[in-house]
Structures are given as C-alpha cells and as structure tokens.
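What follows is a set of notes on a single structure, which appears directly below.
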Amino acid sequence: MSAQGPPYTSGPPSPRDAHAPKGANPLKRGSDTFECWLRRVLTVVLLLGLPAAAISAGLTAYEASMDAVRVQRAERHEVTARLTASVKGDDDRAKRAAQVRWTDSQGLVRTGAALVKPGTPEGAAVRVWVNRDGTVVAPPMNTLNATTSGWFVGVMAAFGVAVGTYGAWAGTRLVLDRGRYARWDAEWDLVEPRWSGRFHR
C-alpha cells in the first residue's frame, strides 16, 4: 500500500501565482473592487456633503426668515383696542375670538376680531397687531422663529444627504448582488454536472 500525499500539499507557487501582484486576492471579483471604491466615495460624500448641505440650507433658511421678520416688523404695529362686548366663559386657558374697536393714527374708527381670555369684560383694553390696511393680523415673526427655522431646515438637509447616501449604497449593493447571484448560478450550472457525476460512477 503506497502512501499518497494530501491533495493540497505545500510547495512552490504556480507560475500564474508567481505573477500575481503582492497582496492581490485571486477570489476578488470586479464587482468587489467597484463596491470597495464606491464605499470610499460615498463615505467622502457623507463626511463632506452632510455638514456642507446642513450649513448651507440652514443659513439660507435663517436669512430668508430674517427677511420676513424685518418685513413684518415694518408692516405691523400694535394698537390698544377695546372690547365691544364681554367674553363669556370661565376657562382662562382657551382664548376666544371677540370684536374689538380702536382708532387709528388718522382718526378712523376700525373694528376687528382678536383672541382674548374668557371672562374679559366689555370695554377692557387689549393689545392687537394690525397691518398698514388696519386689519388685525398675527404678531410678527421674531429672531427665535428665524433661528428655529434655520436649525430645522439644516437638520432636514443633513438627514436628506444621509438618506440619499444610504439609498445609493443600498441600491448599488442590490444591483451588484443580483449580478453576482446570476453569475454564480450560471457557473454552478456548468460545474455541478461534472462535480456530482463523480459520485455516480
């Protein structure tokens, strides 16, 4: 009985292995290389694009909101009005709309609706905001509103970049995996008959 060596004996590398680049993986596919480079590119996009988009979008929203603040402050002003009727109710938390009357800077008597606390008696003084046309409007925006708007838009922009980057990565991985499985199935269809035939002899 002759002893045979193991099927995977150590020895000098084959001529093909001798010409392979140092550190190269013979099992690495072209799709693997593409995936590796795509991951690097998307990482750079995420690290640089996320803060850039957040800062740019946030500052743009803040500046636009500050423009609106300045416009509203120039167009709106507070006046002292009087209630034309008592506001019934005992709930101090829920304000109700009530008719008020005031005299503008030109001496014209104007009326409008304003939100006042329930239980306020007729003739009570209330402060309301009006525009240049004498219409009761909401108070103008302030710097806190502009700051909040800037932060909100900036965070949403950062979230959008993160979601877009992940979507590009996940979509590319899905396409690559489908191609890999298709090639694997094609290669297995060629190899499997010869491989399984050894056990039927």
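The values are calculated or read from the model by the stated rules, or taken from the named source; none is laboratory data. Just so you know, these numbers come straight off a predicted model, no measurement behind them. Here the Cβ positions follow ideal geometry from the backbone for every residue, glycine too, while neighbour counts run over all protein chains shown. Note: areas computed on protein heavy atoms with side chains; ligands, DNA, RNA excluded. Shrake-Rupley method; radii C 1.70, N 1.55, O 1.52, S 1.80 Å.
A few points about this structure:
- The residue that is modelled with the highest pLDDT, among those in the stretch 162-201 that are surrounded by 10 or more Cβ atoms within 10 Å (Cβ to Cβ) and either among the polar types (S, T, N, Q) or in contact with a Pro (Cβ under 9 Å, 6 or more places away or on another chain) (or both), is T165.
- Selection of first residues in the stretch 44-56 that are farther than 11 Å from G160 by Cα and of second residues that are in a helix (DSSP H, G or I), restricted to Cβ pairs under 7 Å at least 6 apart or on distinct chains, gives the following pairs, ordered by first then second residue: V45/T165; I55/G154.
- Of all residues making up the stretch 98-116, the number that are open to solvent by less than 90 Å² (accessible area, probe 1.4 Å), under 43 Å from the mean Cα position of the chain (by Cα) and under 18 Å from R76 (Cα atoms): 3
- Residues in the stretch 117-130 that are in a strand (DSSP E or B) and either of a type in the set (A, V, I, L, M) or surrounded by fewer than 16 Cβ atoms within 10 Å (Cβ to Cβ) (or both): A125, V126, R127, V128, V130.
- A count restricted to the stretch 113-130 and to residues that are basic (K, R) and either modelled with pLDDT under 85 or under 15 Å from K88 (Cβ atoms) (or both) stands at 1.
- Test: residue in the stretch 131-146 that is farther than 30 Å from E35 by Cα, of a type outside the set (D, E), open to solvent by 90 Å² or more (accessible area, probe 1.4 Å) and at pLDDT below 85: no
- Within the set A53, A81, the sole residue that is of a type in the set (A, V, I, L, M, F, W, C) and either loosely packed, with under 12 Cβ neighbours inside 10 Å or more than 17 Å from F159 (Cα to Cα) (or both) turns out to be A81.
- The condition of being open to solvent by 70 Å² or more (accessible area, probe 1.4 Å) and either among the acidic types (D, E) or at pLDDT 75 or above (or both) holds for only one of R93, R39, R29, R76, that being R39.
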